Amino acid sequence: MKKAKSRLKQNKKKKSSFNLFSLLQYYFNHLPCLFLAIVFNGLLYYLVTHVNPSQIKNFLLPNTYLPFLLILFFASWFSISFLMLNSRRGLVITLLLVWIVFLKLQKVIFTQQLIIFSLLPFIVLEIILALTSPSS
């Protein structure tokens, strides 16, 4: 004859909230991001140290510094994605960073209103993406 299962909650051993092995496993899974971050940061370093800004200033679009912004975008996206272990948040932070650099290259004067209206779409985007993404 079998005993019935207890309906009372059984006290299980509490796992520690910080597990170094699982954290290292997450970073190990994101190693391609680290490799790409190193490559794009190397390209960014080369661009900043060896290329004259006037050479890339009008590439495809006038006064945009497009090669610099593209390399900055990928370098910061892969770096932030690896550090945060989250590609979506890395993308939102990178878009904000590249937007600020673009405005600075266009010699826009940053006022309090401009900063608020620049941050607002990115905050709304992050909230929308956080609410629509499946919780893990």
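Counting only protein heavy atoms and using a 1.4 Å probe, what share of the accessible area of the range 17-136 belongs to carbon plus sulfur, as a whole percent?
Answer for the range 17-136 is 74 percent, counting heavy atoms of protein chains only.
Just the number: Rg to Rh for the range 74-124, Cα atoms, Kirkwood Rh, two decimals. Intermediate values should be presented prior to the final figure.
On the way: Rg = 12.0 Å, Rh = 11.6 Å.
Rounded to two decimals, Rg/Rh equals 1.04.
In the range 14-78, what trypsin sites (Lys or Arg not before Pro) fall in a loop by DSSP, with at most 10 other Cβ atoms inside 10 Å?
Working: sites: Lys14, Lys15, Lys57; in loops: Lys14, Lys15, Lys57.
Taking the range 14-78 and a limit of 10 other Cβ atoms within 10 Å, the loop trypsin sites (Lys or Arg not before Pro) found are Lys14, Lys15.
From the phi of every residue in the range 35-40, what ³J(HN,Hα) in whole Hz does the Karplus formula 6.51 cos²θ - 1.76 cosθ + 1.60 yield, where θ is phi - 60° and glycine or proline is x?
Here the 3J(HN,Hα) series is 4, 5, 5, 5, 5, 5 Hz.
Quick one: compute the contact order of the chain, relative version, from alpha carbon pairs under 8 angstrom and 6+ residues apart, as a percent.
On the way: 89 pairs, mean separation 26.2, N = 136.
Reported relative contact order: 19 percent.
Which log10 I(q)/I(0) values, to two decimals, does the range 49-102 give at q = 0.28, 0.31 Å⁻¹ under the Debye formula with one point per Cα?
-1.00, -1.11
The values are calculated or read from the model by the stated rules, or taken from the named source; none is laboratory data. As the structure is a prediction and not an experimental result, all values here were calculated from the model. Because the Cβ atoms are built from the backbone with ideal geometry, glycine has one as well, and the counts that use them run over all protein chains shown. Accessible surface is based on the protein model in full, side chains and every heavy atom, while ligands, DNA and RNA are left aside. Shrake-Rupley method; radii C 1.70, N 1.55, O 1.52, S 1.80 Å.
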